[in-house]
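The values are calculated or read from the model by the stated rules, or taken from the named source; none is laboratory data. These numbers were taken from a predicted model, which means no experiment stands behind them. Don't worry about glycine lacking a Cβ; one is built from the backbone with ideal geometry, like all the others, and counts go over all protein chains shown.
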Ligand SMILES: Cc1cc2nc3c(=O)[nH]c(=O)nc-3n(C[C@H](O)[C@H](O)[C@H](O)COP(=O)(O)O)c2cc1C
């Protein structure tokens, strides 16, 4: 059976934790999206920088992925919500990599304001099949979405 791939970006590690939980349960391959230039400064300055980047559609340079996407038909994409949409590093990933014909399963961690994140992923992946998306809420680093909701979703992957 073909392996699935989890691709995720994470700044404060919530999305990373979920990605790793999915990986353990499904034995999918996993790959982190990393910006070439790390976000620096305290949390609030990154929140401000993130707003500017989202507002102008900035796509930060990312390191090349350590996997070949051609090896996978199903890609689980994880992003934190940054200003009601996916993080700029994920915007770079979506614009640089060809996902046409693939099945995309998105998950978006956030502090309660998902905004249009999942719709935006659908828009950015027009040539793919986007399905089974999930919104995972956190209070800082504590998951608010019930564990059972997450586990049910994972068991359908
Ligand atoms: C730049 C920035 C913008 C954010 N914008 C939102 C937002 O619009 N809605 C929301 O609910 N949370 C927002 N958050 C909180 C994160 O989405 C939330 O903490 C997420 O789980 C972080 O994931 P990570 O730990 O993988 O980076 C923002 C955080 C940052 C750093």
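Is it the case that residue 121 is assigned to a strand (DSSP E or B), modelled with pLDDT of 95 or more and touching a strand residue (DSSP E or B) at 6+ places or on another chain (Cβ under 8 Å)? First the steps, then the outcome.
On the way: assigned to a strand (DSSP E or B): no; modelled with pLDDT of 95 or more: yes; touching a strand residue (DSSP E or B) at 6+ places or on another chain (Cβ under 8 Å): yes.
It is false that residue 121 is assigned to a strand (DSSP E or B), modelled with pLDDT of 95 or more and touching a strand residue (DSSP E or B) at 6+ places or on another chain (Cβ under 8 Å).
What single numbered condition from (1) within 14 Å of the ligand (Cβ to nearest atom); (2) surrounded by fewer than 17 Cβ atoms within 10 Å (Cβ to Cβ); (3) touching a residue at least 40 places away in the same chain (Cβ under 8 Å) fails to hold for residue 144?
Evaluating residue 144 over (1) within 14 Å of the ligand (Cβ to nearest atom); (2) surrounded by fewer than 17 Cβ atoms within 10 Å (Cβ to Cβ); (3) touching a residue at least 40 places away in the same chain (Cβ under 8 Å) leaves (3) as the failure.
Just for segment 18-47: of the residues that are part of a helix (DSSP H, G or I) and within 12 Å of the chain's Cα centre (by Cα), which one is farthest from residue 91 (Cα to Cα)?
Start the filter on segment 18-47 by keeping residues that are part of a helix (DSSP H, G or I), which leaves 18-26, 43-47.
Now narrow it down to the ones that are within 12 Å of the chain's Cα centre (by Cα): 18-19.
Values: 18: 20, 19: 18 Å.
The qualifying residue farthest from residue 91 (Cα to Cα) is 18.
So which residues in segment 12-47 are free of Cβ contacts under 8 Å to residues at least 24 places away in the same chain and more than 16 Å from residue 76 (Cα to Cα), if there are any at all?
Selection gives 38, 40, 41, 42, 44, 45, 47.
Quick one: which of 87, 91 is in contact (Cβ under 8 Å) with a residue 60 or more places away in the chain and closer than 25 Å to residue 44 by Cβ? Let's see the steps before the verdict.
Details: 91 fails: in contact (Cβ under 8 Å) with a residue 60 or more places away in the chain.
Just a single option satisfies the conditions, and that option is 87.
Yes/no per residue for (1) surrounded by 16 or more Cβ atoms within 10 Å (Cβ to Cβ); (2) within 30 Å of residue 155 (Cβ to Cβ); (3) at pLDDT 95 or above:
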site	(1), (2), (3)
43	no, no, yes
51	no, no, yes
84	no, yes, yes
93	yes, yes, yes
107	yes, yes, yes
113	no, yes, yes
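Is there a residue being away from the ligand (no atom under 13 Å from the Cβ) and more than 28 Å from residue 138 (Cα to Cα) anywhere in segment 80-97?
yes
I'd like to check something: does segment 53-73 contain any residue that is on the phi > 0 side of the Ramachandran plot and away from the ligand (no atom under 11 Å from the Cβ)?
Within segment 53-73, the subset on the phi > 0 side of the Ramachandran plot is 57.
Checking the rest, the ones that are also away from the ligand (no atom under 11 Å from the Cβ) come to 57.
Within segment 53-73, one or more residues are on the phi > 0 side of the Ramachandran plot and away from the ligand (no atom under 11 Å from the Cβ).
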